[in-house]
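Each remark here refers to the structure printed beneath this line.
Every read-out reported here was derived from the displayed coordinates using simple, explicitly stated rules and does not represent laboratory data. Model, not experiment: these values are computed from the prediction. Cβ sites come from the backbone with ideal geometry, for glycine too, and all protein chains shown count toward neighbours.
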Amino acid sequence: MNITINGEKEHLTGQTIVISDLLQIKNVESPEMVSVQLNGKIVNQERFQSTSVTENDELEFLYFMGGGENK
Amino acid sequence: MTGFTTTAIHGIRSKENPHGTLRVPTYDCVSFEYEDSKAIQQAFEGKRMAHTYSRISNPTVTHLEQTLRLLSGGIAVLAVSSGMAAISNTILALGSAGKNIITTKHLFGNTLSLFEKTLSAWGLEVRYVSMNDMDTIDTAIDTDTCCVFLESITNPQLEVADCNAISVVAQKHGVPLVADNTLMTPYLFNSRKNGVDIEILSSTKYISGGGTTVGGIIIDNGTFDWNKSAKLKEYAARYGSMTFIARLRQEIYRNVGACLSPHNASMQSLGLETLSLRIDKSCESSLEIAHFLSRHSTVQATHYPGLPDSASYDIAQKQFGSQSGGILTFDLKNIDYCFKLMDSLNVIRRATNVNDNKSLIIHPWSTIFAEYRDEEKCAMGIRPTMLRLAVGIEDIADLIKDLEQGLEQL
């Protein structure tokens, strides 16, 4: 499965993955530190375990730990 | 899901722990290095999970935040430098000039001073209501109300508000309910299940344990729809349920700079591990001392939500169960009696803090509320005859004996 995370292409094995599992793969230990957009739409944290990512999806992970303006 | 104490001790196990330390190290550092320029750019843009600067985040502080998130059931936690920093950061995130806050005069003295003196000078209006009068709260809220603020048990009046009932009124108007839950903590009172949207803790108290370090906690319970907030609507479109914490982390907290030090976070994570044990002991002793004082002929009145004759007894039992916290107040004949009792105590210490391992006594009228005029203190429910006793975890027989010998000298 090919997806895009923060503008960068990534290849994952399998046809689908839920966001909470994807965050684990990406070593995101603090889900309260990140907001997730899937194909331009915000995914609330309570839906991380039930929202699936599939082929060609585009994700934006925005972490609240940055030092600059998160425009 | 493990129990409260197991979660407090083992809840978070970091993957990035090369030495396998059983305790999370204290990362006493300001900044963090990256492998190349692109990595640091991504970190600053928020596109990479990485700490940049300890005023914004730090691994030791994050560990404390994550553990409290698990224990509270909230969706996000932010640790700050004190309980007052937790309150001021929260109100700065929710309010602004022209907005108003609905609260009560029965609050911790510094909280009242923050609202009445500091924030009102910046144009935030403070509207006082009785937290037992739902109609008054309903009438006081308008389209400029930024939040309803209360304490789960007021300090030192020891009144308990019906959070669920107040939440219904606040929700009707699309206003978040903020509760300072310092005296109960998530162990005794699950604010999320009782209608509270934002929980505040002074982790200096029960969580620190032993009075070691100052700190504060903000918990977003994830229960409020931020699209209803005129001030945060713009954030809500981008951050959804994470709106409040995003506004805090990306603007208020970062710019105000009231960060928790890694050392304090480490001490408080250690305190958290024994929180339930200390609270159980403190509550058990508080009830026994309350019964002792209420039967003593020299004591004019004893106030503790766990006493059946307390006006807050029923709601305390409903919200907190059988444990009503570790603080009680009692009244003596006059100020001289209060001072004489304090000066005669040998085990109980004269100091201003609560929920320490040590039992502490103070005369609120002449100390915490000294900045207010007498009539203002009376309006806040503070009496010159009142003593506040914060019960620690000493042997109960020694505490009773200490009070007994002191009262006999009056």
Can you give the three extents of the C-alpha atoms in region A:2-63 along their principal axes, from longest to shortest, in whole Å? 26, 19, 19
Say the cut-off is 20 Å between C-alpha atoms; which of B:Lys105/B:Lys172; B:Lys172/B:Lys231; B:Lys205/B:Lys377 go over it? B:Lys105/B:Lys172; B:Lys205/B:Lys377
Gaussian network model of chain B, Cα within-10 Å springs - most flexible of B:Ser120, B:Ser152, B:Ser324: B:Ser120
If you take every DSSP beta bridge whose two residues both sit in chain B, what share of them, in percent to the nearest 5, is antiparallel? 60
Taking amide H atoms as placed 1.01 Å from N in the peptide plane, list the residues 5 or more away in sequence, or in a different chain, whose amide H sits under 5 Å from that of B:Asp180. B:Leu150, B:Glu151, B:Ser152, B:Ile200
If you count, for every residue in B:39-48, the Cβ atoms of partner chains within 10 Å of its Cβ, what is the mean? 6
Quick note on A:Glu55, B:Glu284, B:Glu35, ordering by fewest other C-beta atoms within 10 Å, gives B:Glu35, A:Glu55, B:Glu284
For chain B, longest principal axis from Cα atoms; helix B:59-72 axis from its Cα atoms; angle between them, nearest 10 degrees, is 60
For chain B, averaging the sequence separation of alpha carbon pairs under 8 Å that lie six or more residues apart and dividing by its residue count, the contact order in percent is 16
Per residue of B:71-82, what is the mean number of Cβ atoms on other protein chains within 10 angstrom of that residue's Cβ? 1
Return the FRET efficiency for the residue pair A:Ser52, B:Glu408: r is the Cβ-Cβ distance, R0 is 60 Å, and the value is rounded to the nearest 0.05. 0.25
Tell me the mean residue ellipticity at 222 nm calculated for chain B from its helices only (DSSP H runs of n ≥ 4, each -39500 (n - 2.57), averaged over every residue, nearest 500). -10500 deg cm²/dmol
Explain nothing, just compute: Karplus ³J(HN,Hα) = 6.51 cos²θ - 1.76 cosθ + 1.60, θ = phi - 60°, for every residue of region B:263-279 in order, whole Hz, x for Gly and Pro. 4, 5, 4, 5, 4, 6, 5, 5, x, 4, 5, 10, 3, 5, 5, 5, 5
Along region B:108-115, Karplus-curve 3J(HN,Hα) (6.51, -1.76, 1.60; θ = phi - 60°) to the nearest Hz, with x for Gly and Pro, reads 3, x, 6, 5, 4, 5, 4, 5
Between region B:195-220 and region B:260-321, how far is it from one alpha carbon centroid to the other, in angstrom? 15
Projected-area average for chain B over all orientations - Cα convex hull basis, square nanometres: 20.5
Within 10 Å of each Cβ in B:238-245, how many Cβ atoms from other chains are there, averaged over the peptide? 6
Please rank B:Val196, A:Val43, fewest neighbouring Cβ atoms within 10 Å first, as an exposure proxy. A:Val43, B:Val196
Using Cα springs under 10 Å in a Gaussian network model of chain B, which residue among B:Thr103, B:Thr243, B:Thr352 shows the largest mean-square fluctuation? B:Thr352
Based on the mean of other Cβ atoms within 10 Å per residue, sort peptides B:253-261, B:51-59, B:126-134 so the most packed one is first. B:51-59, B:253-261, B:126-134
Whole-Hz Karplus ³J(HN,Hα) for region B:200-210, in order, using 6.51 cos²θ - 1.76 cosθ + 1.60 and θ = phi - 60°, x for Gly and Pro? 10, 9, 8, 6, 4, 8, 4, 5, 4, x, x
For B:Thr145, list long-range residues whose amide hydrogen, built 1.01 Å from N in the peptide plane, is under 5 Å from its own amide hydrogen. B:Asn100
Ordered by fewest other Cβ atoms within 10 Å, a rough proxy for footprinting exposure, B:Trp226, B:Trp122 read B:Trp122, B:Trp226
Cross-link reach list, lysines versus B:Lys15, counting only Cα pairs under 26 Å and skipping chain neighbours closer than eight places: A:Lys9, A:Lys26, B:Lys38, B:Lys47
For the protein assembly as shown, give the share of DSSP beta bridges that are antiparallel, in percent and rounded to the nearest 5; count only bridges with both residues there. 70
For B:Arg349, what residues show an amide H to amide H distance below 5 Å, using hydrogens built from the backbone and excluding near sequence neighbours? B:Ser359, B:Leu360, B:Ile361
Which aspartates and glutamates, on any chain, are close to B:Lys99 with Cα under 14 Å apart, when same-chain ones fewer than 8 places away are left out? B:Glu116, B:Glu125, B:Asp142, B:Asp144
